[in-house]
Protein chains: 4
Amino acid sequence: MRVGVLTGGGDCPGLNAVIRAVVRKGVQVYGYEFVGFRSGWRGPLEGDTIALDVQAVRGILPRGGTILGSSRTNPTKVEGGIERIKDNLAGLGVDALIAIGGEDTLGVAARLHEAGVNVVGVPKTIDNDLSATDYTFGFDTAVNIAMEAIDRLHTTAESHHRALICEVMGRHAGWIALHAGMAAGANVILIPEKPFDIDKVVEYVESRFKTRYAPIIVVAEGAHPAEGQMELQTGELDAFGHVRLGGMGQRLADEIEKRTGKEARCTVLGHIQRGGTPTAFDRVLATRFGLHAIDAVHDGDYGKMVGLAGTEIHRVGLSAATDTLKTVPVERYAEAEVFFG
Amino acid sequence: MRVGVLTGGGDCPGLNAVIRAVVRKGVQVYGYEFVGFRSGWRGPLEGDTIALDVQAVRGILPRGGTILGSSRTNPTKVEGGIERIKDNLAGLGVDALIAIGGEDTLGVAARLHEAGVNVVGVPKTIDNDLSATDYTFGFDTAVNIAMEAIDRLHTTAESHHRALICEVMGRHAGWIALHAGMAAGANVILIPEKPFDIDKVVEYVESRFKTRYAPIIVVAEGAHPAEGQMELQTGELDAFGHVRLGGMGQRLADEIEKRTGKEARCTVLGHIQRGGTPTAFDRVLATRFGLHAIDAVHDGDYGKMVGLAGTEIHRVGLSAATDTLKTVPVERYAEAEVFFG
Amino acid sequence: MRVGVLTGGGDCPGLNAVIRAVVRKGVQVYGYEFVGFRSGWRGPLEGDTIALDVQAVRGILPRGGTILGSSRTNPTKVEGGIERIKDNLAGLGVDALIAIGGEDTLGVAARLHEAGVNVVGVPKTIDNDLSATDYTFGFDTAVNIAMEAIDRLHTTAESHHRALICEVMGRHAGWIALHAGMAAGANVILIPEKPFDIDKVVEYVESRFKTRYAPIIVVAEGAHPAEGQMELQTGELDAFGHVRLGGMGQRLADEIEKRTGKEARCTVLGHIQRGGTPTAFDRVLATRFGLHAIDAVHDGDYGKMVGLAGTEIHRVGLSAATDTLKTVPVERYAEAEVFFG
Amino acid sequence: MRVGVLTGGGDCPGLNAVIRAVVRKGVQVYGYEFVGFRSGWRGPLEGDTIALDVQAVRGILPRGGTILGSSRTNPTKVEGGIERIKDNLAGLGVDALIAIGGEDTLGVAARLHEAGVNVVGVPKTIDNDLSATDYTFGFDTAVNIAMEAIDRLHTTAESHHRALICEVMGRHAGWIALHAGMAAGANVILIPEKPFDIDKVVEYVESRFKTRYAPIIVVAEGAHPAEGQMELQTGELDAFGHVRLGGMGQRLADEIEKRTGKEARCTVLGHIQRGGTPTAFDRVLATRFGLHAIDAVHDGDYGKMVGLAGTEIHRVGLSAATDTLKTVPVERYAEAEVFFG
């Protein structure tokens, strides 16, 4: 039995832990051979492989990134892409494929499975916005990095009368903002799921200025004001009519300065949220995902992806992961709102 | 409405986060007053209280320990203890009591509830061995601390031919050893649930010495050898006939040195596993436990404790927490065994 | 003997460690009393004080910020400011004053000393740009925070073809950029002391894209291109004709994207560099500064500030700290350049 | 020009940073070739080499340990050892040798230099006890690890009435205990340089029990009681008549329990102090040592080792490092004593 492995999409702490678990159990327990595909779907598309054995996965558990490399190549958008992959897999004698990735990667996996390829998926997104799993690995690491940064901002907020804004990842879902903001005691948390009222935000900020403590605002990069607010210039809008991604934190700082006459400073965490060594939670989750993914291969249970339900790893249909985005429900946001202001 | 709050048993990162959430929501949303009881059950037993309002809980979210103090005082073992507590609560005008603690603390809470006191429990144990909740807060912090220590041991293990033993907490359940060992890539994990075979452990150690890497063994303080092994002296046995707690790591190091002729070094993490700032996971879990505990008070839903089920907080009967110890199941240990040797 | 203490200027990890050491040794060894002045020079100017005794400094050693608060109030710019301070000190029976702060704070201290006040200074600047001391506390903490962030960026840089820019503090001196960049293996480090050649930077970036690794550029907020480069708009220039502070990182990212056609992403660390718990180096240095400052008071050696020379604490004239800015010398930058590209 | 490099003695964070700097500057600036010797002096003794070029040192800067491996092999204790090394170096065409290590390693280097080999030394000891340099790399990392552990112990010390002992490294010099204890606010610090009075230690412990806080004692592994105290058994004494190394912490805990009737718990940090990624201070120092060591080779300035003096790297005779142990001076210990009790 030869099993191919690939990692697609953006970086995520824990990818190497999945790869290691797949290979260790596959080789040692099931006696499989492995083929590593380089750079996501570009690997099987172009037949670009690297050796993947027990020696290759030694020491990678604590390391961020992916030893296989990644890309956003989408073979369904390449003329004859699916067929080329099937041919390459056949040519390399690959009997089954484990695809580790997010919505896009797993969407391709679902298409390949329909086309007759033996695929098992492992869900991955730092944003935690995939359905059919309680958590995705990488999310806990990102939340801890953001929390530690916000913890540090509290020191300054306590000593100076400044509004401090921390922009975190989350284009379509506010999970990182919600958890990091709740964990670090933010005074306001803004998420894409709920357009914010700038008047209310400014009101929170000004009420904080009356106490000894200055306000800390955590804002997901995809958060945006309610319609008609904050007089946006055309260049600041993206295709969806939202504020251009990656700029909401600074935009908000400017608006708060203008309205309150007090300094507002913005920290943009950016890629540091997805780099570095994974937390224990993510290493354990990723390792267990890997163990159960190779079990699914051993069971011949294809077209599935693994997921976390409570403390158990289960299997769900590949499409379940990609059908709906898991966004922050109203009641979870309401929990955090208790601490606003 | 006046609500009393106490924390019992050993230290656990996240206690302050629970207290803060209870008070913030209680005061701001429900308009309650609070009474803080000092030093666990000793507080209500002796009527020892401290002020507990929004100001008192400011800034405590990231801090380990408990602003209320703790103790192991058990009023059920004190003549007329339950009655004295009832009298003191009545005298202070306390309508409901939130008890945050482990098996012992919640056991007393159950007894008080039977005696007519309005009690809500919040489960706490760094060892994660309480039933009726997927996880307890403090556990994730302990696991990360242990994992980081073991990560550091790998460096030395790679450069010198030594067996390195790391003793972690876990008297009756091996959750910390399992998760930290799995997260940090330990070569052997020894837990109380499964008496170990010293011959097998030595075999793993010796096989590692043949490779470039030296072995790292994670051992829960309550782990012990199979009957008849390691010729224990009487003084080394506790009341259960197990090796005296806190000494298994060094005991194992000595045995490995004796049998392999190679150096073996032991690190005993001890109390550093339960101190310091909580991880994001523990802060969010503790905060949510607090919010839902005060909701239970508001609902008049007494005799319950809050618990985590998947991503949801639910309520279960107080006795559910104390009836059975949640130990590591065979199949979870089997997942880790894939990486042994 | 009554001794006043104040902290002026921006936040800096280690301020509380200084205050604690001053008070502990002053009370326990010399039998002094203390008066805490609130919010920097605003405290003595307005007679705004807080109690400062051994109890007040308990537990503050590991905490960032300052229990005395801070401000940028400059009494030399206030009509009759110096006289009002002298009157307030006399009224409060303050015999000597310990001023902890940067260039501005120590400049005022020098003026007060000339006016007959018994002043001892403790140098503070996160930027490490004060003369007469090898290092200032807070600097080591900032460098470690920046280094850890850059470490994390490496993960992404290894997996994707993106230029990653990390903007760190340093308006007039590039010490944080130099040390953090050298510690974290940056491919280019840009500092205020040496206007950069954007063509050369782009050349480094493009040469990296040819290897497996993408480039990481560390840029001090006060770094700027050589004259005539990067076609700046008027609004982007500050009073010195430099690029507006706080925006150089993003400005550079835009320029690199435009010139290379490859994505460039910017992380702005901002205030997280000056918050949170100090490193061991900073805690020991700050503690020793505090001990030696109160010794200077005891010796009646006023008009001096403490400084680090090798491993020893010495005393220098207050003006020595403020006369010249300590910038990165050419030969130290040359050491880092070995690793560029 | 071919330059050999080796690392001898115990692990130390920063070794890889030295190797990387030596090779990067050697190859890129001076055009040298390199030969890596495996496992300390065993490498040149047995002619055991590995490839050492720019590719080999990529990515090693943040990694603990040493890519060259290490050992305690001492060729001066091997019949004809020095001659065999000379022959092997000649056979491999090695023109100069950079030896990175502690007292023993540099002692051999001095002997080789006398025997006509072109040697440059780089001092290394986690204990910071080498003369002729203000600090050695690895020390700052060890101190921070110990400080973080002690920080965590404070949480428990605040909540429970227990004496907490933390045993840190330091056989002959108490630098780690002094710095970590001072940084983390230990109540007592015990170092090898000053035999402790157990009555005085117990007095501190008991006075703390009267306050809200319990005592934290930091003890270097080589600390020992004054003569005639603590009734040592023969088996507990080493060749110097001191308490056997590695056991002082637990020994002290037992004694305190016996004398005070209060619980005392011991944490033994062991090898976690010398593993893992180096701090910024150690990475910068190690990198600068490497750059200046290869400069010394380029200058033909052999028989020297590099050292830190203030903020400058200088060169001193190899014997200077090994002639006298740098122990904690009385006045530095006196600074810490201010905070005892």
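The values are calculated or read from the model by the stated rules, or taken from the named source; none is laboratory data. These figures come from a predicted structure and were not determined experimentally. Neighbour counts run over all protein chains shown; Cβ positions are idealised from the backbone, glycine included. We work out accessible area using only protein heavy atoms, side chains counted, and drop any ligands, DNA or RNA first. Shrake-Rupley method; radii C 1.70, N 1.55, O 1.52, S 1.80 Å.
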Residue among C:285, C:252 that is in contact (Cβ under 8 Å) with a residue 24 or more places away in the chain and under 20 Å from residue C:9 (Cβ atoms): C:285
Exclusive hit being small (Gly, Ala, Ser), over 22 Å from residue D:72 (Cβ atoms) and at pLDDT 95 or above, set D:121, D:138, D:174: D:174
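Give me the residue from the stretch D:147-164 that is open to solvent by less than 30 Å² (accessible area, probe 1.4 Å), touching a helix residue (DSSP H, G or I) at 6+ places or on another chain (Cβ under 8 Å) and at the interface with chain B (Cβ under 9 Å from one of its Cβ atoms) and, out of that set, farthest from residue D:211 (Cα to Cα).
First, the residues of the stretch D:147-164 that are open to solvent by less than 30 Å² (accessible area, probe 1.4 Å): D:147, D:149-150, D:153, D:155-157, D:159-160, D:162-164.
The next check asks that each one be touching a helix residue (DSSP H, G or I) at 6+ places or on another chain (Cβ under 8 Å); those that pass are D:147, D:149-150, D:153, D:155-156, D:162-164.
From what is left, the residues that are at the interface with chain B (Cβ under 9 Å from one of its Cβ atoms) are D:149-150, D:153, D:155-156, D:162, D:164.
Working: D:149: 22, D:150: 19, D:153: 17, D:155: 15, D:156: 14, D:162: 12, D:164: 15 Å.
Result: D:149.
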Those residues of the stretch D:1-11 which are open to solvent by less than 20 Å² (accessible area, probe 1.4 Å), of a type outside the set (S, T, N, Q) and closer than 22 Å to residue D:89 by Cα, in sequence order: D:3, D:4, D:5, D:6, D:8, D:9
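Can you report the number of residues in the stretch C:299-311 which are within 14 Å of chain D (Cβ to nearest Cβ) and either acidic (Asp, Glu) or without any contact (Cβ under 8 Å) to a residue 40 or more places away in the chain (or both)? Give the steps one after another, and end with the answer.
To start, the set of residues in the stretch C:299-311 that are within 14 Å of chain D (Cβ to nearest Cβ) comprises C:306-311.
When the remaining residues are screened for being either acidic (Asp, Glu) or without any contact (Cβ under 8 Å) to a residue 40 or more places away in the chain (or both), the result is C:311.
Qualifying residue count, the stretch C:299-311: 1.
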Residue A:276 outside any helix (DSSP H, G or I) and modelled with pLDDT under 95: yes
So residue C:63, is it at negative phi and at pLDDT below 95: yes
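Evaluate the following for residue A:194: is it free of Cβ contacts under 8 Å to residues at least 24 places away in the same chain, surrounded by fewer than 24 Cβ atoms within 10 Å (Cβ to Cβ) and outside the structural domain of residue A:123 (by the TED database)? Reasoning before the result, please.
Values: free of Cβ contacts under 8 Å to residues at least 24 places away in the same chain: no; surrounded by fewer than 24 Cβ atoms within 10 Å (Cβ to Cβ): yes; outside the structural domain of residue A:123 (by the TED database): yes.
No.
Name the single residue that is least open to solvent (accessible area, probe 1.4 Å) among those in the stretch C:316-341 being under 22 Å from residue D:291 (Cβ atoms), among the aliphatic types (A, V, I, L, M) and in a helix (DSSP H, G or I).
Out of the qualifying residues, it is C:336.
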Top-ranked residue in the stretch C:264-290 [being in contact with a strand residue (DSSP E or B) (Cβ under 8 Å, 6 or more places away or on another chain), hydrophobic (A, V, I, L, M, F, W, C) and away from chain A (no Cβ under 14 Å); ranked as nearest to residue C:113 (Cα to Cα)]: C:289
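Check the stretch A:32-40 and report whether any residue there is of a type in the set (Gly, Ala, Ser) and closer than 20 Å to residue C:157 by Cβ. Walk me through it before giving the result.
Step one: filter the stretch A:32-40 for residues of a type in the set (Gly, Ala, Ser), giving A:36, A:39-40.
Those left that are additionally closer than 20 Å to residue C:157 by Cβ: A:39-40.
Looking for residues that are of a type in the set (Gly, Ala, Ser) and closer than 20 Å to residue C:157 by Cβ, one finds at least one in the stretch A:32-40, hence yes.
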Filter pass, residue C:14 being open to solvent by 30 Å² or more (accessible area, probe 1.4 Å), modelled with pLDDT of 95 or more and small (Gly, Ala, Ser): no
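For residue B:87, state whether it is over 30 Å from residue B:257 (Cβ atoms), open to solvent by 10 Å² or more (accessible area, probe 1.4 Å), more than 13 Å from chain D (Cβ to nearest Cβ) and assigned to a helix (DSSP H, G or I). Explain how you work it out, then say what you get.
Details: over 30 Å from residue B:257 (Cβ atoms): yes; open to solvent by 10 Å² or more (accessible area, probe 1.4 Å): yes; more than 13 Å from chain D (Cβ to nearest Cβ): yes; assigned to a helix (DSSP H, G or I): yes.
It is true that residue B:87 is over 30 Å from residue B:257 (Cβ atoms), open to solvent by 10 Å² or more (accessible area, probe 1.4 Å), more than 13 Å from chain D (Cβ to nearest Cβ) and assigned to a helix (DSSP H, G or I).
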Given (1) at pLDDT 95 or above; (2) within 11 Å of another protein chain (Cβ to nearest Cβ); (3) assigned to a helix (DSSP H, G or I), number of the condition residue C:296 does not satisfy: (2)
Residue within the stretch A:72-84 that is open to solvent by 50 Å² or more (accessible area, probe 1.4 Å) and within 14 Å of another protein chain (Cβ to nearest Cβ) present: yes
Residue that is modelled with the lowest pLDDT [pool: residues in the stretch B:208-235 that are open to solvent by less than 50 Å² (accessible area, probe 1.4 Å) and not in a loop (DSSP other than H, G, I, E, B)]: B:209
Residue check, residue C:313 open to solvent by less than 30 Å² (accessible area, probe 1.4 Å), in a strand (DSSP E or B) and touching a Phe, Trp or Tyr at 6+ places or on another chain (Cβ under 9 Å): yes
Where a residue in the stretch C:43-62 is under 17 Å from residue C:99 (Cα atoms) and its partner, wherever it lies, is polar (S, T, N, Q) and modelled with pLDDT under 95, with Cβ under 8 Å and at least six apart: C:45/C:73; C:48/C:39
Checking residue A:257 against (1) more than 14 Å from chain C (Cβ to nearest Cβ); (2) open to solvent by 60 Å² or more (accessible area, probe 1.4 Å); (3) of a type outside the set (Ser, Thr, Tyr), the condition it does not meet: (1)
Any hit, the stretch D:49-59, residues being within 19 Å of the chain's Cα centre (by Cα) and either aliphatic (A, V, I, L, M) or away from chain B (no Cβ under 14 Å) (or both): no
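Let's see how each residue does on (1) among the charged types (D, E, K, R); (2) touching a strand residue (DSSP E or B) at 6+ places or on another chain (Cβ under 7 Å):
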site	(1), (2)
D:167	yes, yes
D:171	yes, no
D:194	yes, no
D:226	no, yes
Hits in the stretch C:106-146 (condition: open to solvent by 10 Å² or more (accessible area, probe 1.4 Å) and more than 14 Å from every other protein chain (Cβ to nearest Cβ)): C:107, C:110, C:111, C:113, C:114, C:115, C:116, C:117, C:118, C:125, C:127
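Within the stretch A:168-186, can you find the residues that are more than 7 Å from every other protein chain (Cβ to nearest Cβ) and open to solvent by 10 Å² or more (accessible area, probe 1.4 Å)?
The initial filter retains those residues of the stretch A:168-186 that are more than 7 Å from every other protein chain (Cβ to nearest Cβ), namely A:168-178, A:181, A:184, A:186.
Of everything in the stretch A:168-186, those that are more than 7 Å from every other protein chain (Cβ to nearest Cβ) and open to solvent by 10 Å² or more (accessible area, probe 1.4 Å) turn out to be A:169, A:171, A:172, A:175.
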Residue that is most open to solvent (accessible area, probe 1.4 Å) [pool: residues in the stretch B:21-47 that are part of a loop (DSSP other than H, G, I, E, B) and more than 14 Å from chain D (Cβ to nearest Cβ)]: B:29
